[in-house]
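What follows is one structure encoded as structure tokens, with my remarks underneath.
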Amino acid sequence: MADPYPAYAELRARGRVVRYEPTNQWLVPHHADVSALLRDRRLGRTYQHRFSHEEFGRSAPPAAHEPFRTLNDHGMLDLEPPDHTRIRRLVSKAFTPRTVERLKPYVRGLADELVGGLVRDGGGDLLTDVAEPLPVAVIAEMLGIPEADRAQLRPWSAAICGMYELNPSEDTAARAVRASVEFSEYLRELIAERRGRPGDDLISGLIAAHDEDDRLTEQEMISTAVLLLNAGHEATVNATVNGWWALFRNPAQLAALRADHSLIPTAIEELMRYDTPLQLFERWVLDDIEIDGTVIPRGAEIAMLFGSANHDPAVFPDPTRLDLARADNPHISFSAGIHYCIGAPLARLELTASMTALLNRAPTLTLAKDPTRKPNFVIRGLDGLSVEVR
Ligand code: HEM
């Protein structure tokens, strides 16, 4: 977890697909394969649109996990066509580059205000003072979550995201189930209230799609809102702190960036490649596939190693070197294929806004003490990032 990149290099040397018994998965570590498999329709984020658990040779999840499963399984990320296509189409308008462009003044203003607070205090925790409040406020604003309720979003999201780690414990599952029940209940009430008083927000848009056009069930509406709220901040928070931690460890690169802000766009992409915020994504094999002579049968599970793909020397020369000017950078951090991150333009806007504000308003930002890593593998982040502004 501390530094998975040397282990990835060993895995890549072992082959294009490596059987991993502890999680009963096939690991795929090369960029070309990850990139191709993300677009391969013989794989799916779910199998339930085609097979029952028994037909697929899997057992049904424990009944006690039901509230989490119901919430998770009706969000677009865990659906396949045609349901995925129908729901993605409904929300995609809110995330086009042009729509996101209109948010620019608001996101920039917020980033300035948050960084201003950090500067006034002579430093603080970059995670809780800037990295977290920015994307939480933006996605909450887009959905129309009242300001007073926003503090609950982080703990609910963190509890639910525990289930995306490998082999979650029963404790983790119990926390995720509780959060799923509370989060769903909260949204059910908010939806009822908003139905009476619609606004210019995404939840009102989802209600209209349900009530007027019958294009979305009540459960899909709740699951979509939760997915957007969680996915809308988790990875951005981690990309921000992983990114600044990488900059502090590479002072010459940070100095180059401080001297030349035109590096910001390539720097954002390089930091997302260099320390990939989401390390692993899984797919079910819906129809047998063959990789390098190995047949992977229907019912198997593939784990694509995004962090490894992003360090594959076949695509990225000198991959362990942070190069903020790296221009040819086809990193896979936002995925590819039908589940390609719908929030990528928004994430880029937020990362650019916070980096610009930090470079402009806190040009003397330094690391106060080495951070500790969150004990997670899939969602890669830090517990905090103590900084000083002198
Ligand atoms: C640095 C920040 C972010 C990263 C690294 C990231 C990464 C990803 C990845 C890797 C996937 C696809 C997973 C797969 O293929 O199985 C994804 C999907 C998704 N992301 Fe992001 N994301 C980020 C920010 C955001 C933001 C700001 C939003 C705001 C709404 C968002 C919303 C979504 C949604 C809704 C999906 C599901 C898309 C689908 O299934 O069609 N993400 N993201």
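The values are calculated or read from the model by the stated rules, or taken from the named source; none is laboratory data. Keep in mind that this is a model prediction, so the values were computed, not measured. In this analysis, Cβ positions are derived from the backbone assuming ideal geometry, glycine residues included, and neighbour counts consider all displayed protein chains. Note: areas computed on protein heavy atoms with side chains; ligands, DNA, RNA excluded. Shrake-Rupley method; radii C 1.70, N 1.55, O 1.52, S 1.80 Å.
The table below gives the values:
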read-out	value
Contacts under 6 angstrom Cβ, first residue in segment 337-354 being closer than 12 Å to residue 100 by Cβ, partner open to solvent by 40 Å² or more (accessible area, probe 1.4 Å) and at pLDDT 95 or above, 6 or more apart	353/108
Qualifying helices (runs of 4 or more DSSP H) (wholly inside segment 95-205; at least 3 residues being surrounded by fewer than 21 Cβ atoms within 10 Å (Cβ to Cβ) and in contact with an Asp or Glu (Cβ under 6 Å, 6 or more places away or on another chain))	none
Answer residue from segment 46-60, given it is open to solvent by less than 40 Å² (accessible area, probe 1.4 Å) and under 24 Å from the mean Cα position of the chain (by Cα) and is nearest to residue 310 (Cα to Cα) among those	46
Residue match in segment 246-258 (condition: more than 9 Å from the ligand (Cβ to nearest atom), under 30 Å from residue 36 (Cα atoms) and open to solvent by less than 40 Å² (accessible area, probe 1.4 Å))	yes
Sole exception among (1) open to solvent by less than 30 Å² (accessible area, probe 1.4 Å); (2) more than 24 Å from residue 224 (Cα to Cα); (3) not in a helix (DSSP H, G or I) for residue 11, by number	(3)
Test: residue in segment 363-377 that is within 16 Å of the ligand (Cβ to nearest atom), modelled with pLDDT of 95 or more and buried (at least 22 other Cβ atoms within 10 Å of the Cβ)	no
Only listed residue being under 30 Å from residue 121 (Cα atoms), at pLDDT 95 or above and assigned to a loop (DSSP other than H, G, I, E, B), chosen from 324, 346	324
Residue identified as at pLDDT 95 or above, away from the ligand (no atom under 16 Å from the Cβ) and surrounded by fewer than 19 Cβ atoms within 10 Å (Cβ to Cβ) among 313, 319, 330	313
Total residues in segment 58-97, condition touching a Pro at 6+ places or on another chain (Cβ under 9 Å) and either free of Cβ contacts under 8 Å to residues at least 40 places away in the same chain or not polar (S, T, N, Q) (or both)	4
Every pair of residues 6+ apart whose Cβ atoms lie under 8 Å, when the first sits in segment 268-284 and is assigned to a helix (DSSP H, G or I) and open to solvent by less than 30 Å² (accessible area, probe 1.4 Å) while the second is within 11 Å of the ligand (Cβ to nearest atom) and among the small types (Gly, Ala, Ser)	268/243; 271/239; 271/243; 272/239; 272/243; 272/333; 273/333
Selection count where residues are under 25 Å from residue 159 (Cα atoms), open to solvent by 50 Å² or more (accessible area, probe 1.4 Å) and in a loop (DSSP other than H, G, I, E, B), scope segment 72-86	1
